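The values are calculated or read from the model by the stated rules, or taken from the named source; none is laboratory data. Because the structure is a prediction, the values reported are computed rather than measured. So basically every Cβ, Gly included, is an ideal-geometry build from the backbone, and we count neighbours across all protein chains shown. Only protein heavy atoms, including side chains, enter the accessible area calculation; ligands, DNA and RNA are left aside. Shrake-Rupley method; radii C 1.70, N 1.55, O 1.52, S 1.80 Å.
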Amino acid sequence: MTGDLASELRAETEKWLKRADERLSRCAGDERFLSNIKAYISDSRYFLEIGDPIRAFEAVIWAWAWLEIGEELERIKG
């Protein structure tokens, strides 16, 4: 992966991590959903730390998906 692409992916991941954190802070409900969201956010940060921007981005997208699905199914409220 080229340096520019890695930097762009890292920036995009950090942007979505911030949004996920903000949205999650307003959520309550099914602890299984919330636990999975938190785990994916944690995984994303871990992958950023070890220099794996692809997996970091994938993990934050999964966190966001769990947020959306949880709200749509009314398992969590935000």
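Some values worked out for this structure:
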quantity: Inter-residue pairs, beta-carbon under 7 Å, first part of a loop (DSSP other than H, G, I, E, B) and in the stretch 50-78, second of a type in the set (K, R) and open to solvent by less than 80 Å² (accessible area, probe 1.4 Å), 6+ apart; calculated: G78/R23
quantity: Residue ID - modelled with the lowest pLDDT, chosen from residues in the stretch 1-53 that are of a type in the set (F, W, Y) and surrounded by 14 or more Cβ atoms within 10 Å (Cβ to Cβ); calculated: F33
quantity: Filtered residues of the stretch 54-77 (kept if in contact with a Cys (Cβ under 7 Å, 6 or more places away or on another chain) and open to solvent by 70 Å² or more (accessible area, probe 1.4 Å)); calculated: K77
